[in-house]
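The values are calculated or read from the model by the stated rules, or taken from the named source; none is laboratory data. Fair warning: this is a prediction, and the values are worked out from it, not measured in the lab. Here the Cβ positions follow ideal geometry from the backbone for every residue, glycine too, while neighbour counts run over all protein chains shown. When the accessible area is computed, the model is the full protein with side chains, heavy atoms only, and any ligands, DNA or RNA have been set aside. Shrake-Rupley method; radii C 1.70, N 1.55, O 1.52, S 1.80 Å.
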Amino acid sequence: MEKTPKRNNFFCKAQLITFAIILTSSVHAAQVEGEFGLKFAFYSSAWAVDSDDGMRLMLFNNNESELILDSITFLKDKQERELVNIRVQTKIPPFGYAEKEFEYIDLLKGNECIQRTLAENWKLVEISNYTLNPSVRNLIIEDTESFRIYQCSEYVRTKWTKSSTGEEIETVEWVLFHFETK
């Protein structure tokens, strides 16, 4: 097996660090400009064992008022022919968490990046609208040669309502499909 020269590894790591800094700055700027602070993540044991186990949606509301998440629609292609609409209808308390269980929904179809990554024996860990920091799940990565994280992205349309005012909000944002391998 041919090894990558150390110089190339250095440049790849430098590019990754630069991208992370830019992404962090962009995310912070979006929050400052009025992002509503609704974070969510999907989990399913079906992704690890190829079963039809259900899915779990975890929600966090970083606002002073209660929100009701009406739906999350995965926009599988630009023509919106393969939409995957998930009716959530769940209240999230101010600065609080909520969760909802679903029967299994195939969120992996219609995305070449996801199919290619799964074919290379990566394990899907979560789908979320925020970047994944391994420390969130209590993972300490000491040897980056033995542990890898990879992400595919896709757009979703979220619809929610502010309980206090009845204001309905719809946004299009990205989600990340977080993969791991050892």
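Points to keep in mind about this one:
- Long pairs among Lys39/Lys159; Lys76/Lys100; Lys100/Lys123, criterion Cα-Cα beyond 21 Å: Lys76/Lys100; Lys100/Lys123
- Summarising the amide proton neighbourhood of Ser71: residues at separation of 5 or more, or on other chains, whose placed amide H is nearer than 5 Å comprise Val88, Gln89, Lys159.
- Among 62-73, 159-170, the order from most to least packed when residues are scored by Cβ within 10 Å on average: 62-73, 159-170
- Accessible surface ranking for Leu118, Leu124, 1.4 angstrom probe, highest first: Leu118, Leu124.
- Within-9-Å neighbourhood charge of Gln89 [Cβ basis; K, R +1; D, E -1]: +2
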